[in-house]
Every structure is written in C-alpha cells, then in structure tokens.
Amino acid sequence: MADNVTYKILRSHLLEGQLKPGSEIAIRIDQTITQDATGTTAMLLFESMGLERVRTELSVSYVDHNMAMFGPENHNDHLYLQSIARKVGVYHSRPGNGICHQVHLERFARPGATQLGSDSHTPTTGGIGSLSIGAGGLDVAVAMGGGPFYLTAPKVIGIKLLGNLPDWVAAKDVILQVLSILTTSGNVGSVAEYFGPGVSTLTVPQRATITNMGAELGVTTSLFPSDEQTAAFLASQGRSEVFTPLAADPDASYDRVIEIDLSRLESLAAAPSSPDNIRKVAELKDVAVQQVQIGSCTNSSYRDLMMVASILKGKTVHPGVELGISPGSRQVVQILSENGALSDLIAAGVRLLECGCGPCIGQGQSPGEGKVSVRTFNRNFKGRSGTKDDQIYLVSPETAAAAALTGHLSDPRRLPELLGISYPRISELQSMPINDNLIDKPLPPDQAAAAPVIRSSSIVTPPSAEKPSQKLDGTILLRCGDKITTDHIMPAGSFLKYRSNVPEYARYVFHCFTESGKPSFAERALANQKAGRAGVIIAGESYGQGSSREHAALCPMYLGVRLVIAKTMERIHRANLVNFAITPATFVNPSDYDRMEENDHLEVPNFHKILAESDRFTVINVTRHFKFECELPLSRRDREILLAGGKLNYTKMCI
C-alpha cells in the first residue's frame, strides 16, 4: 500500500481502529513532553492514577514557561516537577536549559517516533520527521502510563514545495504563506505534510519553524520527511544513531495538494490580531514600531539568532525601539558566546532575556498601550502579550531585525539599499556544543521508591469531575463570539503561577470579559452552581483555538460548567472538554446562536441517555420559549468517558 509519511508512522503505531480518514484510531506513544505551565497538573493527574513509573520509551519534563519568580508559586512548581520526575522515571530539563520544543528537537526527538506533548506547539519536532501532537495534560498523563492516544484518522494536506527561498526570505514566510491559504479555521482532523523538491533546501531548524507555527492552522500536526538534512542535523547533535530515512512512497496520495514555489515568496507578516491576517511587509512600510521581540519556540535557533546578530553587527537599535531576544536553548547561547555574536548583539543594544518562553506567553515585555510590537512568535491574539489593546505583528527574524534598525516595518530585502547591509550567509554547524548537565536523569526504580516529592502549599491535587445528571438544568453563563482562544478562557501572563491550584486559578476564568464593578464569570458560575444549575457556554466559530491548556476545561468544570454549545470547536479543546466531563455540542442550525442571551434557562431532558446513545438532541430554552437542535458526534469511547465523569475516573476503571 502506497503511504504518505503520516500514514507510515500511524500504521507502525496503530493499536486500535482502521486507518480510514474520519474514523477513531488509537496509537502507541513513544515519547511525551510536558512543561511547567501544563506539566504540574499533568504530573498530579499521573500520580492520581496510582502508577509508580512511566511506561514510555522516553518522557521529559521541561521548565520553560513560568520562569519569573514573583512570589513562591513558580519555584514551588519547579521543585515539585524536578522531584516527581526523578521518582517516576522522567527526564527533567531545569530552568534555563531552554524552551521544550527547541531542546527536544536538539536532544531527544527522532524520525518516525510518535510524540505527545501537553503544549499545542509540540508539532515543532515534525521538522525532524516525528509525528508530534499537542494534547491536554490528562491525555499526556495517560500516555505516560502506557495508555494509547485516541484521535481521528486524519486527512492529509500535502504541501508541495518547489524552488529555493530568495535572500532575505525565511522559513517563517513559508508558514505565513500557508496560513494565508488555509487560515486558522476549518482544518480540524487534518495533517499538513510537506513534500517536493523544495523540501531538501530547508534545514531541520527551518522545517521546525514551519511545523511549529503549523499549530495555528488547527491541524492535528505538521511534518516533514527524514532525509539528508535530518541526518546532518542529528550528526551535529551527536545523535546519528537515531537517524532513519522516512519519505512518502512515490505514488502516495493526499486529500488535497497545495503548491508553493519558494522562489516566488516575499517577506510577510501576520497583522493584528490573528496569525492568518497575512500582509506583505512591503505594504506595511508606514507602520512605526516601538518594540521588537525575537525568539520563542518558533524562531530561536542558531541560524535565526546568527542572522539577527549579523544584521545588527556594527549598528545600533533605533532610538524609538526596544529590542529583546529570548534564545531557544542554552546550546544556542553557548555558540553565540563563543563566536562573538553575543557581543555583537549586546553592542547593538539588545536586551538579552532568559532561554524560555517569556514574552510569547505574556510573561514580561508587554508593549505600551496602543504601541506596535513586532515579534517572531507564533500567536498574536489580542491581549496575549499582557497589553489589552496590543498591536502585534508576527514576522521572520530578518524582518524583525530590519524593524529594530529602521524603527518601522521594513522589507528586509531593502536593507542593502537602506543601510548598506549585505545578506548574511549563515551555514549550519557540523558539530554543536553538547552540554546536558541541566537535564536530570530519572532515578533507577530501586532508588525511586524512597525518593521524596517536594509538595508545597500551592501544589493542589486537581478536583475530579462529576458524573452527568439524568436531566441537564442549566443557565447560559456566557455567550461569546468567534475565535475564542484558550487565552480568552484562561489567561496566561501573571496568572500562570496559579495553575497548580485549580480553585485559585478558576477565579480568573473568562477574566477578559469581566466588566468593572460587575460580578466576574467565576462569581456568577459559583452562584449558579450553588443554586443547583449547570453552567452552559454558548460560542461562535472555532471555539477553543490556540494553546492546549487543559485548564480551559478543568477550571470551568470546577465552576460547574457542564455543556458548551458552539458553531464549531477546535480539536484539542474539544478533547479536553470530554476529558473533564463537559459535553461539547454544536448547533445544527448556527443561526440559533443569535437567539440566545446570557442568563437564559436551558433544559435537556434525558441528558444521561443522550450522552449514551444520541448523535443529535433537543435543547429547550425555557426563558424564550423555543427549542433548538444540537449535534453530538461522539465516539463510543468519548461517551464512556463522559458517563464515567471524565477521563481520570474512566482511566482508573480501566487500570
């Protein structure tokens, strides 16, 4: 049978089901990753299963999100993660070692492996030929325990690359071009697979930029074949032994093919405030820039930062611009230090930040009110930076460096004309400095049993969900619009430190919708719960975009939310809702959305029976005296999880 790369990996890991697009399958997971913003809950949930050791080929816990320590909460998380990882057989990457996706690409990922991560940008390692999928922490915890991961057998979108990238045009411009075609909506249940002669011209770090930001497409994952470029990258990391060639069969088919001629691309930007609001940088030349941030898991590789250092060498950042750089890993910083590029950056006026996620998730470096910030990151959802009215443009490192020098959005292809800067030729190194001394190895089983776990007061065991009632008697707590992201549901930034304490973090559910002087969503939800009513959320298109953060389901569950009805819903969030016993439904007639108002009283008779067997059900709007239909296309397993009161209860029953 002729297979593309996606189906070759799925076939070799298939445990249940048939590889027919749209059907539910279960696959074996080789590697898992967690990070501190989602990993603390994932590890607590793993502990709740009663298992003593992980059962994967490899599991790694990273600390890269909550790095700033204002109060004890983040350090409490770090100490807990380090101690529990050593005890249960998980490697632990300490604070300062780097961003999980960058470090995993460098030190652990391998072609042909399956990887599940509690972070939506886990597909980064698709750049090395790994089938890497983002999921909620509970799904990752189950995989750590040796359980299968269930997903829909995907359609595969083939993206055929031709030609070579011109000077000053980057891998970031490739994924921005793909986003201009596919947008952030309508791609659930698909994989983006790159093929064609242009693939061989891209290095693994360039490919990883593309697969990383592929998460914004809403696809299950993105991946490249494993070839000579992969072999060269692994050799530079001293890991040639894990290389294996992997390519689509010559007669492999795709459900849809998009063709992109790399030689015809130009510098692009995602304008505020969506990753698919794509504009040509040349058309934005009048946009004044006050801040530039370079780094994140999308663009913090050796090549990216060497490109920036080479452009800035001998120059000074524009007086109206603040420029910060967040390197992706300690390995990258070491190289820049040794070859003098770090000195060039500092001399140019760069503010050097930690090797971590930092500004990308609103952890510092928020722009001023109404000011333009140009960033090499992957998301520009409004308010994500920590500033409510932010104006965030997503660009390549080349374009970001040009903005830092000129003080406005500038097509980097004009730098030779504007500032006399020749295009830097950056070659990948054949040998990278290897220093894994900040990666703790797990204790052997005979020592692990007696090892202590550091559990401070802010580390709180997540609450369990409840089994559904026979009848749903609910109140609409919120009617929200299109493209509601998990950032809208559960804010990041300064609120991240509460993630290990669900009752505390739940106070900030839908915090962005709280009006001054009025009760918050959490206050209204708790009052509704105390009155014996279930909470209901009504939403528009693409509900649950963005981060994999399961707290966007876990915290609403704690507040009594039992039903979400949306026009459409994104994959990871939908799975997280099921995992925490919140029923994810969609409108049969989307216009019914317009007939709803907050505080409407809704009823669903025979709710328990509907969850057990119905693909469609009727909701009664008691307040407005009408009925409407909802779809509930759940798998048998999804229904069993909901009826059990969530995946944790379901998994305990199956162990």
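The values are calculated or read from the model by the stated rules, or taken from the named source; none is laboratory data. Please read these numbers as outputs of a predicted model, since none were measured by experiment. FYI the Cβ positions are ideal-geometry reconstructions off the backbone, even for glycines, and counts take in every protein chain you see.
Among the listed residues Ala282, Ala247, identify the single one that is in contact (Cβ under 8 Å) with a residue 24 or more places away in the chain and assigned by TED's automatic domain parsing to the domain that holds Thr183. Give the derivation first.
Working: Ala282 fails: assigned by TED's automatic domain parsing to the domain that holds Thr183.
When all the criteria are applied, what remains is Ala247.
Residue by residue through the stretch 65-89, note down the ones that are of a type in the set (Gly, Ala, Ser) and surrounded by fewer than 23 Cβ atoms within 10 Å (Cβ to Cβ).
Restricting attention to the stretch 65-89, the residues satisfying the condition of being of a type in the set (Gly, Ala, Ser) are 68, 71, 83, 85, 89.
Across the stretch 65-89, the qualifying residues are Ala68, Gly71, Ser83, Gly89.
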(request) Select the helices (runs of 4 or more DSSP H) contained entirely in the stretch 300-373, then report the ones holding at least 1 residues which are surrounded by fewer than 17 Cβ atoms within 10 Å (Cβ to Cβ) and on the phi < 0 side of the Ramachandran plot. (result) 330-339, 341-348
(message) Take the residues in the stretch 379-438 that are in the same structural domain as Gln334 (by TED's automatic domain parsing) and of a type in the set (Val, Ile, Thr); name whichever of them is farthest from the chain's Cα centre (by Cα).
(response) Thr406
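So, in the stretch 575-602, of the ones that are in contact with an Asp or Glu (Cβ under 6 Å, 6 or more places away or on another chain) and either touching a residue at least 60 places away in the same chain (Cβ under 8 Å) or hydroxyl-bearing (Ser, Thr, Tyr) (or both), which residue ends up nearest to Gly532 (Cα to Cα)?
Val578
Does the stretch 179-195 include one or more residues that are polar (S, T, N, Q), crowded, with 24+ Cβ neighbours inside 10 Å and closer than 26 Å to Met569 by Cα? Before you say what the answer is, go through the steps one by one.
If we filter the stretch 179-195 for residues that are polar (S, T, N, Q), which is where we start, we get 180, 183-185, 187, 190.
Okay, now just the ones that are also crowded, with 24+ Cβ neighbours inside 10 Å, so 190.
Adding the requirement that they be closer than 26 Å to Met569 by Cα leaves 190.
Yes, there is a match, as at least one residue in the stretch 179-195 is polar (S, T, N, Q), crowded, with 24+ Cβ neighbours inside 10 Å and closer than 26 Å to Met569 by Cα.
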(message) Just the residues that are within 23 Å of Asp167 (Cβ to Cβ) and at pLDDT 95 or above, please, taken from the stretch 427-441.
(response) none
(request) From (1) out of contact with any Pro (no Cβ under 9 Å at 6 or more places or on another chain); (2) farther than 19 Å from Ser222 by Cβ; (3) modelled with pLDDT of 95 or more, pick out the condition that doesn't hold for Phe70. (result) (3)
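Can you name every one of the helices (runs of 4 or more DSSP H) wholly within the stretch 518-595 that holds 3 or more residues which are over 25 Å from Arg636 (Cβ atoms)?
Numbers: elements: 521-530, 551-558, 571-579.
Answer list for the stretch 518-595: 521-530, 551-558.
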(request) Could you tell me whether the stretch 172-182 includes any residue that is without any contact (Cβ under 8 Å) to a residue 60 or more places away in the chain and either among the β-branched types (Val, Ile, Thr) or not assigned by TED's automatic domain parsing to the domain that holds Asp276 (or both)? (result) yes
(message) Residues that are touching a residue at least 60 places away in the same chain (Cβ under 8 Å), farther than 20 Å from Arg384 by Cα and touching a strand residue (DSSP E or B) at 6+ places or on another chain (Cβ under 7 Å): does the stretch 493-514 have at least one?
(response) no
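Go through the residues of the stretch 611-627 one by one and say whether even a single one is assigned to a loop (DSSP other than H, G, I, E, B) and among the acidic types (Asp, Glu). Talk me through it step by step, then tell me what you get.
Residues of the stretch 611-627 assigned to a loop (DSSP other than H, G, I, E, B): 614-615, 622-625.
Remaining after also requiring among the acidic types (Asp, Glu): 615.
Looking through the stretch 611-627, at least one residue is assigned to a loop (DSSP other than H, G, I, E, B) and among the acidic types (Asp, Glu).
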(request) State which residue pairs qualify: first residue in a strand (DSSP E or B) and inside the stretch 425-439, second residue modelled with pLDDT of 95 or more and of a type in the set (Phe, Trp, Tyr) in any location, beta carbons under 8 Å apart, and separation of 6 or more residues or different chains. (result) Ile439/Tyr91
(message) Looking at the structure I just gave you, is Ser180 of a type in the set (S, T, N, Q) and more than 27 Å from Glu228 (Cα to Cα)?
(response) yes
(message) I need a count of the residues in the stretch 585-607 that are out of contact with any strand residue (DSSP E or B) (no Cβ under 8 Å at 6 or more places or on another chain) and within 19 Å of Arg574 (Cα to Cα).
(response) 1
(message) Can you list the strands (runs of 3 or more DSSP E) lying wholly within the stretch 161-279 that have 2 or more residues being of a type in the set (D, E, K, R) and over 23 Å from Tyr393 (Cα atoms)?
(response) 256-261
